[in-house]
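J.: Got a structure for you, questions after.
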Amino acid sequence: MARNKYPGRCYCCGTWTPPGYGHFERHAGHWRIKCVKCASGRVLTDKDPGVKWAQRAVKEAHDA
Ligand SMILES: [Zn+2]
């Protein structure tokens with residue numbers, strides 16, 4: 001599953017999920033976000049490679 005590049009609420013627990021702190025999945029024709037805590041039980045920090053990747057992707061989208 002890919003990390004979310006866009007923030008949004010986890011459809012599972014309702015937690016606000018910043019870029020990289022969740023996964024997105026296709027559902028009923030749109031995308032929804034599931035936080036990593038719900039998906040795998042892990043608690044992420046800014047040092048997580050997936051979080052870094054998403055933050056860099058967001059920054060590049062802004063810079064472009
Ligand atoms: Zn959740």
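J.: Looking at the range 19-31, which of its residues are within 16 Å of Met1 (Cα to Cα) and either at pLDDT 95 or above or in a loop (DSSP other than H, G, I, E, B) (or both)?
T.: So the first thing to find is which residues in the range 19-31 are within 16 Å of Met1 (Cα to Cα), and the list is 19-27, 30-31.
Listed by number, the residues that qualify are Pro19, Gly20, Tyr21, Gly22, His23.
J.: Filter the range 1-42 for residues that are more than 13 Å from the ligand (Cβ to nearest atom) and among the basic types (Lys, Arg); which is least open to solvent (accessible area, probe 1.4 Å)?
T.: Arg3
J.: Given (1) assigned to a strand (DSSP E or B); (2) more than 16 Å from the ligand (Cβ to nearest atom), identify the lone condition not met by Arg56.
T.: So the condition that Arg56 fails would be (1).
J.: Continuing with this model, one more query. Go through the range 29-42 residue by residue and tally those that are among the β-branched types (Val, Ile, Thr) and more than 14 Å from Cys10 (Cα to Cα).
T.: 0
J.: Same structure, new question: When the range 43-58 is examined, which residues are found to be open to solvent by less than 30 Å² (accessible area, probe 1.4 Å) and polar (S, T, N, Q)?
T.: none
The values are calculated or read from the model by the stated rules, or taken from the named source; none is laboratory data. This structure is a prediction, so every number in the text was calculated from the model and none was measured. For neighbour counting, all protein chains shown are included, and Cβ atoms are generated from backbone atoms with ideal geometry for every residue, glycine included. Just the protein is used for accessible areas: all its heavy atoms, side chains included, with ligands, DNA and RNA removed. Shrake-Rupley method; radii C 1.70, N 1.55, O 1.52, S 1.80 Å.
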